[in-house]
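Encoded as structure tokens, the structure appears first; notes follow it.
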Amino acid sequence: MSPTPNELRDIAKIIRRDVLTMILESGSGHVGGSLSAADILTALYWGGMRVNPEMPQWEDRDRFVLSKAHASPALYAALARRGYFDVKELMTFRKHKSMLQGFPDMQRTPGIDASVGSPGQGLSITNGIAMAAKRDEKTFRVYCLMGDGEAHEGQVWEAAMTAAHHGLDNVCAIMDRNMMMGDGSTEDIVALSPLVDKWRTFNWHVIEVDGHNIDQILAACSEAGTVKGRPTLVHARTVKGKGVPFMENKPEWHDRKVTEELYEEAMKALS
Amino acid sequence: MAEMGLVDINHSVVETEATNRGYERGLIELAERGVDIIVMDADLAGSSGTGEFRKCFPDRFLDIGLCEQDMMGTAAGLALSGKCIFITTHGMLAAGKAWDIIRSTICYGSLNVNICGADAGLSSGAAGGSRQSLEDVAVMRTLPGMTVIVPVDAVEAKKATMAAARIPGPVYVRFAAARVPIVTTDLTPFTVGQAAVYRQGDDATILACGVMVYEALKAARQLEDEGLGVRVVNCHTIKPLDHAIVNRAAVETGALVTAEEGSTIGGLGGAVAEALAQTVRPTPIRIVGIEDRFGESGKHEQLLQYFGLTARDIASAVREVMARKRGRQSETGSMARG
Ligand SMILES: Cc1ncc(C[n+]2csc(CCOP(=O)(O)OP(=O)(O)O)c2C)c(N)n1
């Protein structure tokens, strides 16, 4: 039974609260980009992807690559809430001997399909998994979540060409287009616009959505599944720091310690 | 050392072949045996040794274009799905261009990706310094879980290729485009991680890899005429280093020379020095290699001479470490007397 739109919104809120608690507890971590991706991850793990938390290694599961690996708190919260491991583990994030390393490590965390760290690398991995699926005549799909600042990395565009050239229609990449990176706005630092046109000229099927509207993201995932011969890019317009007003669109909240006081204020906004 | 099945380099005409060719034969045999391999190349199939494989197994060949970074990441994805990957490009591109991706996706995930540096060392000759990869062994060796192999000749190159396919984690294998002497045969034992003693001797040991094993054997022969018994070890696996053989050489012969066709910083010489400095008593070592500089254009044999990588250079390095060993012996002798 799939969750109702209201239930999905509540799950996304719980993930955001978890993110803040984890980062308060660990004393470090990437807040802004995690909050911006919370609705996308909710859509993927609660309907968009075919997965089974009881069998994280199930051969026919859809795969997920968190190319914007710094949003690991949001992914860990989603995995825990989805039942891959005990929610209590979230409090060990970034601590010594934790299964939840700073960046996703497939050898430690159930539900992680690929170890990732540096931005710019995930789409290539996604393509490799998708190529293997085609060779093995598997029907699972491969999802990849990227940041927009990440698209400054040349490797992203190498991978964009590869996916299109090989007609990887089992690839669905989602770009968390929050217009912000670490130091400020993508458009001020090195402009990415027109980003949608870039993907189109790279021969991708592009779907534009509101990245905080879970219904729209789910619809985009379904549409991507019907596209033949081309990979799909879901261009998800988002707000960095979404859900916590004083963090929204503030690049300083890319990677910053949360104090007790601000934590309380943030949790109030997410109650 | 009949049991080693070596070519008698003193009495027969020594044949030569590029080790790239041995790599290619290994790939073809793996595919023929039904191993689920995929060979990736970045627009260098013509020179790197994968051209023939491409003809024989087009479905198992993937040319990714001039996208070395994407090649490493795509390889990681394919390996995550159980494929056995062989990546080929110029040594310095294979080891250097996408080092972060090799590190953060392939090694961090302990994936079965075999990275093959073709045209490595000085073997691209005429192309000169920008192309010649002298640092590849050093930068690959620092990566956790990475196995590093430098085969001695085309025969061993094939064996190393077949062996790499069976190693579950990442492997870097270095090949040469230039023709290099064939010193081993199909009968010569080869096990990853186990160095092989090719010649016995108790006065000093030469630990060599790649083409330098041939030069080391010639050097040992020259030194024999001077009455010295020099041990020669093929250290084809730089990582994991065969500590047992290295330690035994240090204890039994007391003077070591390492020889490699690469930088003297961080390669075989570095590995041996690190190992010995921390284990048995310090042993005089001389690292023969290219000293902190780029290569340059020329024929491969010419360059080996120019950079001091010949039997003659190795022989004088042996004399030097032996002198240090004797100096130390008389020093400790006089200390004992005094
Ligand atoms: C290769 C590399 N470059 C830079 C960094 C530091 N870094 C990590 S995330 C990031 C900004 C990414 O911005 P974006 O992709 O837009 O992420 P989001 O805004 O969604 O958090 C930077 C500069 C890094 N870890 N590795």
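Need the failing condition index for A:Tyr45 against (1) free of Cβ contacts under 8 Å to residues at least 60 places away in the same chain; (2) over 19 Å from A:Val116 (Cα atoms), just the number.
(2)
Could you list, in sequence order, the residues of the range B:7-50 that are modelled with pLDDT of 90 or more, assigned to a loop (DSSP other than H, G, I, E, B) and surrounded by 20 or more Cβ atoms within 10 Å (Cβ to Cβ)?
Listed by number, the residues that qualify are B:Val7, B:Ala42.
Being under 15 Å from A:Ser26 (Cα atoms), within 16 Å of the ligand (Cβ to nearest atom), crowded, with 19+ Cβ neighbours inside 10 Å and among the hydrophobic types (A, V, I, L, M, F, W, C): is that true of A:Ala74 here?
yes
Just name the residue that is nearest to the ligand (Cβ to nearest atom) out of those in the range A:85-110 that are in contact (Cβ under 8 Å) with a residue 12 or more places away in the chain, away from chain B (no Cβ under 14 Å) and in a loop (DSSP other than H, G, I, E, B).
Going through the qualifying residues, I end up with A:Arg94.
Can you tell me which residue is nearest to the ligand (Cβ to nearest atom) among those in the range A:213-258 that are polar (S, T, N, Q) and touching a residue at least 40 places away in the same chain (Cβ under 8 Å)?
Among residues in the range A:213-258 that are polar (S, T, N, Q) and touching a residue at least 40 places away in the same chain (Cβ under 8 Å), the one nearest to the ligand (Cβ to nearest atom) is A:Thr238.
Yes or no: the range A:138-158 includes at least one residue that is more than 10 Å from every other protein chain (Cβ to nearest Cβ), in a loop (DSSP other than H, G, I, E, B), without any contact (Cβ under 8 Å) to a residue 60 or more places away in the chain and away from the ligand (no atom under 16 Å from the Cβ).
Checked against the condition, which is being more than 10 Å from every other protein chain (Cβ to nearest Cβ), in a loop (DSSP other than H, G, I, E, B), without any contact (Cβ under 8 Å) to a residue 60 or more places away in the chain and away from the ligand (no atom under 16 Å from the Cβ), the range A:138-158 yields no hits at all.
Just for the range B:56-73: of the residues that are under 17 Å from B:Arg33 (Cα atoms) and more than 9 Å from chain A (Cβ to nearest Cβ), which one is surrounded by the fewest Cβ atoms within 10 Å (Cβ to Cβ)?
Looking at the filtered set, the residue picked out is B:Pro58.
Among B:Ala178, B:Ala204, B:Ala160, B:Ala220, which is crowded, with 24+ Cβ neighbours inside 10 Å and under 25 Å from B:Ser124 (Cα atoms)?
On inspection, the qualifying residue turns out to be B:Ala160.
Quick check on my filter: what residues within the range B:131-147 are touching a residue at least 40 places away in the same chain (Cβ under 8 Å) and out of contact with any Gly (no Cβ under 9 Å at 6 or more places or on another chain)?
B:Leu143
Spot the failing condition for A:Phe64; the list is (1) away from the ligand (no atom under 13 Å from the Cβ); (2) over 10 Å from the mean Cα position of the chain (by Cα), and only one is missed.
If we test A:Phe64 against (1) away from the ligand (no atom under 13 Å from the Cβ); (2) over 10 Å from the mean Cα position of the chain (by Cα), just (2) comes out false.
Give me the residue from the range A:13-49 that is closer than 17 Å to A:Thr92 by Cβ, assigned to a helix (DSSP H, G or I) and among the polar types (S, T, N, Q) and, out of that set, farthest from the ligand (Cβ to nearest atom).
By that ranking, first place goes to A:Thr21.
Going by what's in this entry, would A:Arg9 be described as within 14 Å of chain B (Cβ to nearest Cβ), in contact with a helix residue (DSSP H, G or I) (Cβ under 8 Å, 6 or more places away or on another chain), touching a residue at least 12 places away in the same chain (Cβ under 8 Å) and away from the ligand (no atom under 16 Å from the Cβ)?
Answer is no for this residue.
May I ask you to say which residue of A:Asn127, A:Asn52 is more than 16 Å from the ligand (Cβ to nearest atom) and within 14 Å of chain B (Cβ to nearest Cβ)?
When all the criteria are applied, what remains is A:Asn127.
The values are calculated or read from the model by the stated rules, or taken from the named source; none is laboratory data. Note that the structure is predicted; figures quoted are calculated from it, not measured. Don't worry about glycine lacking a Cβ; one is built from the backbone with ideal geometry, like all the others, and counts go over all protein chains shown.
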